[in-house]
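The values are calculated or read from the model by the stated rules, or taken from the named source; none is laboratory data. As the structure is a prediction and not an experimental result, all values here were calculated from the model. Don't worry about glycine lacking a Cβ; one is built from the backbone with ideal geometry, like all the others, and counts go over all protein chains shown.
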Amino acid sequence: MNRMILESDCCRCKFDEMSLAEEQIDRVCETIGGSQPFLVVMDRGYPSTAAFIRMMEKGILFLVRLKSSDYKKEQAALSEPDEWVNIHLDKSRVRHYKGTDIGRRMEELGQIIIA
């Protein structure tokens with residue numbers, strides 16, 4: 001009635017929270033229908049550049065609150081609290097994904113710009 005959806009999954013204690021979030025996001029259209037716009041809101045546990053790229057390429061709108069320790073270089077470059085952020089996908093960011101499809105995509109892009 002208030003147009004909010006809560007979805008949950010039960011998993012073992014140790015699991016990849018970001019992968020589960022992406023699976024849940026992929027199911028949103030089944031729940032609300034493909035023509036309804038939606039915004040994914042995530043708390044501080046989701047600083048996944050790879051997930052950001054996948055959501056951007058699918059046209060999914062998202063809002064993520066980051067910890068102060070995430071993306072420190074980008075935070076230092078901000079002149080205002082709300083502005084476009086250019087995330088450089090340098091070797092240190094791509095290293096964890098080396099040899100994977102998303103790693104190759106990160107190398108191709110070289111950077112992403114997030115509002």
For the stretch 52-67, check the following and say yes or no: at least one residue is exposed (fewer than 12 other Cβ atoms within 10 Å of the Cβ), touching a helix residue (DSSP H, G or I) at 6+ places or on another chain (Cβ under 9 Å) and over 23 Å from GLU17 (Cα atoms). no
So for the stretch 77-91 (the condition being of a type in the set (A, V, I, L, M) and touching a Ser or Thr at 6+ places or on another chain (Cβ under 9 Å)), does at least one residue qualify? yes
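With respect to ILE87, determine if the residue is closer than 19 Å to ILE25 by Cβ and surrounded by 12 or more Cβ atoms within 10 Å (Cβ to Cβ).
The answer is no for ILE87.
Which one is surrounded by the most Cβ atoms within 10 Å (Cβ to Cβ), of the residues in the stretch 27-38 that are in a loop (DSSP other than H, G, I, E, B) and not hydroxyl-bearing (Ser, Thr, Tyr)?
Filtering the stretch 27-38 for residues that are in a loop (DSSP other than H, G, I, E, B) and not hydroxyl-bearing (Ser, Thr, Tyr), the one surrounded by the most Cβ atoms within 10 Å (Cβ to Cβ) comes out as PHE38.
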For the stretch 39-55, does any single residue satisfy the condition of being under 11 Å from the mean Cα position of the chain (by Cα), in a helix (DSSP H, G or I) and of a type in the set (D, E, K, R)? yes
Please indicate, with yes or no, whether at least one residue in the stretch 95-108 is over 26 Å from GLN24 (Cα atoms), modelled with pLDDT of 85 or more and surrounded by 12 or more Cβ atoms within 10 Å (Cβ to Cβ). yes
Do we have any residue at all in the stretch 49-72 that's at pLDDT below 80, of a type outside the set (Asp, Glu) and in contact with a Phe, Trp or Tyr (Cβ under 8 Å, 6 or more places away or on another chain)? no
